[in-house]
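First the structure, in the form of structure tokens, and then the observations on it.
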Amino acid sequence: MSEDKGPTVQPAGVDQQSGEQPVGATCAYPGCTNEPRRVGPDHRGAKPKYCDQRDDQGRPAHTALSAFRERQRLDRARAAGGGAEAVEPGDLDRPVTMAAARAAQIRRDVVADMERFAARMEGMLSALRAAGDPEAAEAQIEAVQAEAAEQISAARAELAREAQRRQAAETEAAEARAAAVEADERLAAAQQAADERVAAARSEVERITADTSEQVAAAHSETEQARAAAQAAQDQAAEQIAAARAEAEERVTAIRAEAATEAAQVRDEAAAEVAAARQAAEQAQADAEAAIVRAREEAAQQIAAADQARADAERTAAAQVEQARSEVEQARAEAEQTRSEAERRVTAAEQRAAQAHTAAEELRAELDRARTDADRDRSTARADLAAAREEIARVREEAAQQVADVRAGADRERDLAAERLADQQARAERAERLADQAAERAEKAEARADRLADQLTATGEPGEAEEPTPAKGTRGRRNKES
């Protein structure tokens, strides 16, 4: 049989390796888009897969053998990188054997692929079972809840310790406030005592000042009285002198009027009396002046004593006031120091209390965050568990669908392979029958040739009858071998 390559134009979308189109749609020859050969309604057997295209000699160009050779040629050309066509081996004359071997190899490959796919599916299902195990998910949720509970317990313990520290700080602040109140009370008492001392000192100074003023007033009064007495004595002496002078003048006038003789005696007596009166007046004036001097000295002494007493009283009062002021200042300084210390302790206690409050608030916020995180983790874990379960269900469905598809595909491939094998076996059987028929015809032809040869031999022409006999016998043997 001669090899017919036929047209090699391949439209887009046609698989070059198999070259198969759906049965009953297009020709099964690679690259051919013609319709298969049509048959009548009374046709029996399988429907034709190839079209009615003929070669140059009028024989069918698209047959199972030519399609097989074309596929082999395309496979070799593709393996060689599109180079020149390789010489076809002699096994192409045995397509049934090659198809059976190829079907067995494909079956082994399919079985190996199915085993690998089954192993991978088992691994995937095992991993999905491990990932979607409810017990593992519950264990994870319990671990998350235990961790959250531990964090919450730790936060609560820290909150309790912070509350204790805050209580201690508040107690210390209360003690500091009590100390400050006590310091204020002590300061008020010291201030009151100092005020009482100052008031007593002022009262004493006022009393001493009043006494001194009374003594000075008495001294002034006595001085004024002495002055008045001295003035009265002086006035009295002046009056006496004036009276004595008047009396003397009267006497002088009387004496002058009486007698001139008695002028010298009277003059002497008058002079004596005048001298005596003058002496008495001078003595009275001297006594009055001495009394005034004594009164002044006594008044000055009394004033000096009063001034000394007042100065002593003022010094004593000033010393007492200064001592009281010093004590008040010292008490005030101590109270101020105590108040500052108390305020510092109160401030420190308030700061510690504020820090404790802030820490407590932070701990509460941390506790709230921990609770929120725990709730979120719990919700996330539940959502992840639900999603994992849904994913497991979906993957299981997909895996089951894929397994079903693979099994269906394997079944289809097996059925198709069985169908092809049956078709090839039927073709082989038909080929064998044709070969047997050809062999039988060849034997008949050989027998006829032998008879003709015998006839030719009998007629005496062996040379012309011997040549076709081996050729016919060889052709019959070839047909029988094929």
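Throughout, read-outs are computed from the coordinates displayed, never taken from laboratory work. Just so it is clear, the model here is predicted, and its values are computed rather than measured. Neighbour counts run over all protein chains shown; Cβ positions are idealised from the backbone, glycine included.
For A348 and D56 in the same chain, what is the full-extension length gain: residue separation times 0.36 nm, less their Cα-Cα distance, in nm?
Between A348 and D56, full extension yields 93.4 nm more.
Working from label points 7 Å from Cα in the Cα-to-Cβ sense, the A319 to Q401 distance is 11.8 nm.
In order along the range 58-68, the Karplus-derived 3J(HN,Hα) couplings, from 6.51 cos²θ - 1.76 cosθ + 1.60 at θ = phi - 60°, round to x, 8, x, 8, 9, 10, 5, 5, 5, 5, 4 Hz, and Gly and Pro are given as x.
Residue ranges 47-53, 66-72, 191-197 sort as 66-72, 47-53, 191-197 when ordered by packing (mean number of other C-beta atoms within 10 Å per residue, highest first).
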